[in-house]
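Have a look at the structure below before the remarks.
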Amino acid sequence: MRIDTRDGQFNTLYGEGIAIVAITFANTQNKLFWSDVSLLTGGIYTADYNIDDVTLTQVTKLNIRNVFEVTSLVLEERSNNLFFCDGVKGTVEVYDYERNLHRIIVATNLKRPRGLVLGLNVPSGVKWIYWNDQATGRIEGCALDGRWRQTVLRDGAGLPNQMTMFRRKLFYVDASENKLMELDPVTGDNKIAVDLNDVTKHVTTGITSCSGSIYLATWNDGTISRINIETGDKKPEDGFAHEEEGRVEVLVRGLGSKRMGNLACYGEELEPAHSPCSNAGCSHLCFPLMTFHSCACPSYGTLFLSTDGHNCSAMVVEPRTRRLYFTNSGSVVINKVAYRWDRIESIYIGDSKAKQGFRHILLQDLEKPRGLFIEENHMYFTTWGKDSAIWRILLSQERAHKLERISSGFDNPNDLYVTMHETNADDKRYELRLLVVDSHFKTRKWENVRHPKSPMNASAYWLSAFDDFVVKKADFHSQIKMPFGVTGENSTNVFFSDWESKAIFQCRDNEKCQPIVTGLSQPMGIQHVWASERTYIPRNLYCAHCERVLLPVCIKDYHHDNPSNVWCDCNSYSSFAKRVENSGCLVPINFILFADLNAIKIINLDTEYSSQHDFKKDPTEVADFRPYIAYQGDAYRANIASVAMVAIDEVYFSDINQKGLYKLSLINGKPTRIYHGEVAADFLAIDPKRERLWWSDFYKGQICSLAITRSAPSLIVEVEGLDRPRGIFFDQKFKYFSGVSCSYVYWTEWGYPARIARKLMDQRDAQIEVLVSGQSLKWPNSLLVQQGNIYALDSAYNEIHQCDITDENDCDSTVSVRFPQHGFDMWGNMTSQTYIFSDWATGTITFQNTLNPMFSLTYASHLMRPAQMQVHNPNGAATHLCRDNPNECDFACAAFPGGASCACGEGQKQAASRIMCIAQEYRLTWDKVNSRFCDDSCTEHSGCYARQKSQIFQCFCDAGYERGVDLSCVVVEAQFPDSRLAPDNVR
């Protein structure tokens with residue numbers, strides 16, 4: 001019922017319930033929630049509340065499983081979390097009604113909980129939820145995610161029902177004494193606020209607060225009253241009195257059946273618009289705890305919160321090497337751009353304390369991996385992406401065995417079970433079979449919109465290796481409605497967990513499936529375990545080899561016949577990479593260190609190549625170019641764009657979101673914050689004396705520095721008033737000015753116009769000297785200085801701008817770079833014209849040699865946002881491999897940091913042997929580029945085109961024009977266009 005607190009008028013909003021008890025409002029969404037505790041219509045309901053005509057529409061029963069007697073409701077609006085008490089189970093639970101996620105947050109030492117109310121825990125500053133236990137007279141509270149449970153009032157609450165939070169105090173009615181009580185949740189001080197025996201002899205149950213007053217509902221006579229708490233202790237003179245005469249005012253008597261339940265006030269203070277859960281990245285449940293958040297997984301199922309604290313993942317254990325395999329998925333939004341990661345990893349769970357926490361990344365760049373299963377030689381798993389599919393990968397260190405998609409076309413494959421099926425009992429022939437369950441959640445969602453009364457059954461499918469994994473629907477008599485998990489004893493005896501039926505089913509071959517467990521809520525993961533597990537070879541026989549070669553990660557290598565063979569590797573979450581001939585894990589001598597959004601990663605450039613190098617092998621298979629995670633920041637809060645290095649134990653980086661500068665050792669991977677403040681450093685640099693850390697502040701328009709040799713460093717603004725500075729670099733060669741050694745600091749700016757500038761760093765009053773400015777630049781990012789020349793990478797034009805500072809600043813020459821789409825940072829050896837780029841657009845770290853543009857190498861891919869790099873390459877490119885093997889390659893030998901490979905000329909490609917070159921099977925296309933690549937020689941009605949993967953540029957007339965006598969472009973007079981007006985395959 002609805003009551004107007006201004007005049008006491010009331011009307012019925014909903015009258016089809018039997019025993020409605022609890023009620024709460026979603027003020028910002030105009031939704032009403034209530035509970036019914038009857039056997040016939042029991043559950044939690046919701047409806048839209050129409051303010052204009054004061055009616056309820058779209059009445060719906062929430063699909064919450066395993067709910068019996070909901071005695072209290074309260075809504076946390078910022079996260080759509082509906083908290084409720086179940087008086088039968090003795091639990092406090094939460095339900096995200098937008099995403100259908102259910103979790104129990106308190107499940108012990110409760111008998112008849114009720115009276116839920118949200119409030120601020122003043123000592124901690126964290127948002128809490130409070131409740132009372134009517135059976136014990138105890139009042140307790142905890143954080144919204146169930147942590148830090150505390151007793152506020154151990155006993156003495158009498159017979160409490162509903163509670164309300166008013167002026168940071170808990171108010172409730174002790175029904176045994178019929179008194180309104182006031183409880184301080186901090187001190188536990190409990191006192192009588194109003195003796196209701198002086199007002200009425202009937203039991204008061206419901207209570208709420210709104211607009212500075214407290215409202216009460218009386219159980220037996222259907223009375224709603226209002227109390228002005230702030231008027232003192234004056235008692236009414238006769239029965240129910242008016243507010244000006246005392247503290248109690250009757251609004252209405254004799255409502256409905258006179259058995260009043262809980263109260264809720266519409267129009268109370270709304271929740272703040274911002275929620276820490278809005279960009280939290282929690283894969284399932286999120287709890288806003290004021291300015292920060294907490295993620296959690298549903299209580300029902302085998303999902304576990306992963307180590308990043310945000311994602312719920314499925315897990316599989318490989319018992320022989322004591323490794324737990326799990327999925328790690330998540331996404332984060334930076335500057336309105338979403339970055340996502342999807343990995344399958346493993347972590348050591350054995351008894352060795354020295355190896356605890358060692359993680360290994362098996363796969364990445366997947367699409368929402370879901371179910372996992374390991375069967376002898378392969379790992380099988382499902383993905384929920386746009387192309388939902390079944391995959392397998394051979395667990396082997398052999399790089400040639402890539403990821404294999406064995407089937408696709410599914411909607412939502414939740415889980416899979418792999419078994420050996422006997423095809424011929426006489427010959428004992430077996431075939432590998434997969435049983436996959438698909439809940440069809442995507443299709444079901446749209447089917448419910450189109451046909452809400454025609455439920456769609458989910459499916460189970462068999463895939464046989466004998467039939468090349470052709471998908472065949474499993475016949476289980478259509479009893480499985482919405483399966484989540486699947487397991488089995490063999491192919492003729494399988495088990496399903498079913499959300500829709502709330503049961504576990506056993507399905508035998510050629511028999512009707514039978515429910516073996518019923519009355520569940522949302523059964524999810526399920527696993528069949530043999531009474532006597534299979535006997536495995538002791539782990540010390542498997543991993544002794546890894547211990548001998550000092551490689552801490554031991555993974556079963558199923559590719560070899562010998563069952564004791566293992567794959568030894570290094571911890572993926574460290575700077576320690578494989579050394580030559582597997583002689584342990586150490587920080588490499590040659591490496592690329594770079595920032596990648598929320599982590600700092602390192603690529604090992606140390607090589608196992610010798611002078612007898614086999615050029616027939618793919619260099620990415622011979623060398624270990626995998627990126628290791630030297631430092632993993634907060635997956636959702638970190639924004640690391642810049643990194644600078646003095647030595648392996650002295651690396652500096654900035655975290656824009658965490659507002660600080662940090663020092664990191666690659667040996668122990670532990671960072672130390674050296675400065676806290678508003679720092680938006682896109683590039684960092686160390687001055688030549690190694691005394692100060694410099695950076696460009698993109699948003700403040702400043703070049704700043706910080707002493708790194710002092711215990712209490714102070715920030716100095718070296719240059720200000722710039723327009724979006726980006727790259728920064730020091731001239732390593734000192735210039736002498738007035739007998740004092742000094743050097744220049746160079747930087748790029750993204751302003752209008754963009755420019756490259758410099759300033760003497762040791763003279764504060766020195767003037768800024770602009771070297772390049774105007775239309776020749778647009779997005780200059782990285783820059784470096786070598787041999788009297790400045791080289792700046794312009795990501796808009798994909799070119800390297802060169803400026804000779806020894807010849808009166810001759811800055812007209814450029815070098816075309818065809819590979820990166822949005823190059824952020826650049827390292828290069830200008831003598832050999834070799835470059836390494838970090839590319840935001842493609843998420844790669846790549847190598848290119850402009851002397852041989854047909855050859856390029858990808859050091860790392862599947863990155864999120866690779867930014868500034870530090871390339872430590874004292875050994876240089878592996879030129880000795882080309883020098884020692886002059887006759888190995890058909891066309892040319894290309895050396896790069898970490899190895900060498902054969903390369904081919906224009907119009908050619910490598911043959912299968914990787915040393916011979918054959919003609920390209922397709923014509924190279926022409927791309928339209930900036931006219932500056934043609935030296936601005938293109939006339940009107942023409943454009944500059946670049947031939948793909950080459951340094952050839954040429955002007956061609958636009959469509960509908962042709963070359964005239966004076967080489968200008970004139971209108972075509974022919975009726976049909978001449979095919980010679982533009983090059984083949986112009987894009």
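The values are calculated or read from the model by the stated rules, or taken from the named source; none is laboratory data. Since the structure is predicted, the reported quantities are computational estimates derived from the model, not experimental observations. Cβ placement follows ideal geometry from the backbone for every residue including glycine, while neighbour counts extend to all protein chains displayed. To get the accessible areas, we keep the full protein, side chains included, count just its heavy atoms, and leave off ligands, DNA and RNA. Shrake-Rupley method; radii C 1.70, N 1.55, O 1.52, S 1.80 Å.
A compact table of results
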{"item": "Selection count, region 650-673, where residues are surrounded by fewer than 19 Cβ atoms within 10 Å (Cβ to Cβ), over 24 Å from the mean Cα position of the chain (by Cα) and either at pLDDT 90 or above or more than 21 Å from Asn571 (Cβ to Cβ) (or both)", "result": "5"}
{"item": "Among (1) closer than 25 Å to Gly254 by Cβ; (2) outside any strand (DSSP E or B), the one test that Thr28 misses", "result": "(1)"}
{"item": "Some residue of region 101-108 being free of Cβ contacts under 8 Å to residues at least 40 places away in the same chain and not hydroxyl-bearing (Ser, Thr, Tyr)", "result": "yes"}
{"item": "Filtered residues of region 847-897 (kept if open to solvent by 50 Å² or more (accessible area, probe 1.4 Å) and in a loop (DSSP other than H, G, I, E, B))", "result": "Leu851, His862, Pro874, Asn875, Pro886, Asn887, Glu888, Asp890, Phe891"}
{"item": "Subset tally (residues that are open to solvent by 20 Å² or more (accessible area, probe 1.4 Å), more than 19 Å from Asp687 (Cα to Cα) and touching a Lys or Arg at 6+ places or on another chain (Cβ under 7 Å)) for region 742-768", "result": "1"}
{"item": "Answer residue from region 1-38, given it is among the hydroxyl-bearing types (Ser, Thr, Tyr) and in contact with a strand residue (DSSP E or B) (Cβ under 6 Å, 6 or more places away or on another chain) and is nearest to Leu118 (Cα to Cα) among those", "result": "Thr24"}
{"item": "Residue identified as open to solvent by 10 Å² or more (accessible area, probe 1.4 Å), part of a strand (DSSP E or B), of a type in the set (D, E, K, R) and within 27 Å of Pro276 (Cβ to Cβ) among Arg99, Arg103", "result": "Arg103"}
{"item": "The listed residue being in contact with a Lys or Arg (Cβ under 7 Å, 6 or more places away or on another chain), surrounded by fewer than 20 Cβ atoms within 10 Å (Cβ to Cβ), among the polar types (S, T, N, Q) and over 26 Å from His293 (Cα atoms), out of Asn66, Asn11, Asn50, Asn109", "result": "Asn11"}
{"item": "Condition broken by Ser439, with the remaining ones in (1) surrounded by fewer than 20 Cβ atoms within 10 Å (Cβ to Cβ); (2) modelled with pLDDT of 65 or more; (3) of a type outside the set (A, V, I, L, M) satisfied", "result": "(1)"}
{"item": "Candidate set from region 147-158 (those that are of a type outside the set (S, T, N, Q) and under 17 Å from Leu120 (Cβ atoms)); member that is nearest to the chain's Cα centre (by Cα)", "result": "Arg147"}
{"item": "Matching option when the condition is in the same structural domain as Leu118 (by the TED database), among the small types (Gly, Ala, Ser) and modelled with pLDDT under 85, among Gly212, Gly158, Gly141", "result": "Gly212"}
{"item": "Filter result for Gly115 (on the phi > 0 side of the Ramachandran plot and either assigned to a loop (DSSP other than H, G, I, E, B) or surrounded by fewer than 17 Cβ atoms within 10 Å (Cβ to Cβ) (or both))", "result": "no"}
{"item": "Per-region count, region 904-946, residues at pLDDT below 75 and among the basic types (Lys, Arg)", "result": "2"}
{"item": "Output for region 778-797, where each listed residue is at positive phi and touching a residue at least 40 places away in the same chain (Cβ under 8 Å)", "result": "Gln787"}
{"item": "Any pair with Cβ under 6 angstrom, 6 or more apart, that starts in region 490-504 at a residue that is over 11 Å from His421 (Cβ atoms) and open to solvent by 10 Å² or more (accessible area, probe 1.4 Å) and ends at one that is part of a loop (DSSP other than H, G, I, E, B) and of a type in the set (S, T, N, Q)", "result": "Trp499/Gln522"}
{"item": "Of residues in region 28-44 being open to solvent by 30 Å² or more (accessible area, probe 1.4 Å) and within 33 Å of the chain's Cα centre (by Cα), the one modelled with the highest pLDDT", "result": "Lys31"}
{"item": "Hits in region 466-481 - residues which are touching a strand residue (DSSP E or B) at 6+ places or on another chain (Cβ under 8 Å), modelled with pLDDT under 75 and in a loop (DSSP other than H, G, I, E, B)", "result": "Phe476, Gln479"}
{"item": "Of all residues in region 89-105 being over 23 Å from the mean Cα position of the chain (by Cα) and modelled with pLDDT of 85 or more, the one that is farthest from His284 (Cα to Cα)", "result": "Gly90"}
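Each row is one residue, and each column tells you yes or no for (1) closer than 23 Å to Asp145 by Cβ; (2) open to solvent by 70 Å² or more (accessible area, probe 1.4 Å); (3) at pLDDT 80 or above.
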{"position": "Arg259", "(1), (2), (3)": "no, yes, no"}
{"position": "Cys277", "(1), (2), (3)": "yes, no, yes"}
{"position": "Leu285", "(1), (2), (3)": "yes, no, yes"}
{"position": "Ser294", "(1), (2), (3)": "yes, no, yes"}
{"position": "Tyr300", "(1), (2), (3)": "yes, no, no"}
{"position": "Leu305", "(1), (2), (3)": "yes, yes, no"}
{"position": "Met315", "(1), (2), (3)": "yes, no, no"}
{"position": "Arg322", "(1), (2), (3)": "no, yes, no"}
{"position": "Gly330", "(1), (2), (3)": "yes, no, no"}
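Condition check ((1) closer than 26 Å to Pro276 by Cα; (2) among the basic types (Lys, Arg); (3) touching a Gly at 6+ places or on another chain (Cβ under 6 Å); (4) in a loop (DSSP other than H, G, I, E, B)) across all residues:
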site: Ser38; (1), (2), (3), (4): no, no, no, yes
site: Ile44; (1), (2), (3), (4): no, no, no, no
site: Asp53; (1), (2), (3), (4): no, no, no, yes
site: Val59; (1), (2), (3), (4): no, no, no, no
site: Asn66; (1), (2), (3), (4): no, no, no, yes
site: Val74; (1), (2), (3), (4): yes, no, no, no
site: Arg78; (1), (2), (3), (4): yes, yes, no, yes
site: Leu82; (1), (2), (3), (4): yes, no, no, no
site: Cys85; (1), (2), (3), (4): yes, no, no, no
